[in-house]
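Following: one structure in structure tokens, then a few remarks.
Bear in mind that the values in this text are calculations on the coordinates, not laboratory data. Quick caveat, the model's predicted, so the values are computed rather than measured. We place every Cβ from the backbone using ideal geometry, glycine too, and count neighbours over all the protein chains shown.
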């Protein structure tokens, strides 16, 4: 079984950004990401620290905008509009989910597509659907893009393959299904309510789990020789784990991503890449 680790993928993406970063530096342009966070969540802060380390190491910058959890709709929209208009900001990342009193749909309509480096806006998602030859004008959400980067790095061609995506969120599952279809995969989208989930999984060449349910996919869902991609990040009995029961499913797999150390390790490098690309287009 080949373990598909994310670190070398992330390093390759970061290295590929260096030429663009150098060219921008010659023009006195520093790619800058605005992180907008409401309140304090441990997982958001962990991702934030990882992004800061990635950006600092590459010579890009992050500016943090930390708002109180009780920020109202008008205040949040004003903050987003200010970032949309700021020429020194090239990308905007808004941590979600937002507090329950806020209308996330209004924010999705507000973020400028050119700066939407995590592909959350309706304009970005529409651009992803309308992509020609698999190339979209908008930025894909970072986690689905990280999956695609990982598959490409390890030479796993999805053309003509049966791919089962377990998870239907607009953040991972649905955009990933679209991106795989653009690469000529035959995609089945499942979820925790899918009848005979085990059957849909066992018949696939590649299973991608993004349901957010710890160890949802067990040995009974898998068959020999599959590629298993785990996007899930869960805590079970105080330990980090994915949506696969890695110990049992990886034994008969051809290749599998670990959690931690798999897809999650790639997402901040994709965020960097999108921000650098945005800086090049906006300046």
Likely footprinting exposure, 55, 95, fewest C-beta neighbours within 10 Å first: 95, 55
For 283, 241, 17, order by how many other beta-carbon atoms lie within 10 Å, fewest first: 283, 241, 17
Between the range 239-274 and the range 40-55, the alpha-carbon center distance in angstrom: 18 Å
When the convex hull of its Cα atoms is projected in every direction, mean area for the chain (nm²): 14.5 nm²
Using alpha-carbon coordinates, inclination of helix 7-26 to the longest axis of the chain, degrees: 20 degrees
Relative contact order of the chain, pairs being alpha-carbon contacts under 8 Å that are 6 or more residues apart, as %: 24 percent
Convex hull projection area averaged over all views, the range 28-112, Cα basis, nm²: 5.5 nm²
Binned Cα-Cα distance frequencies in the range 168-283 - 10 Å width, integer %: 13, 41, 32, 10, 3, 0
Most mobile of 49, 239, 27 in a GNM of the chain (Cα contacts under 10 Å): 239
Acute angle (nearest 10 degrees) that the helix 42-58 long axis makes with the longest principal axis of the chain, alpha-carbon atoms: 70 degrees
MRE, 222 nm, helices only [DSSP H, n ≥ 4, -39500 (n - 2.57), over the chain, to nearest 500]: -12500 deg cm²/dmol
Nearest-ten-degree value, helix 73-85 long axis tilted from longest Cα axis of the chain: 80 degrees
Exposure proxy ranking, count of Cβ atoms within 10 Å, fewest first, for 169, 124: 169, 124
Rounded to 5, percent antiparallel among DSSP beta bridges of the chain: 10 percent
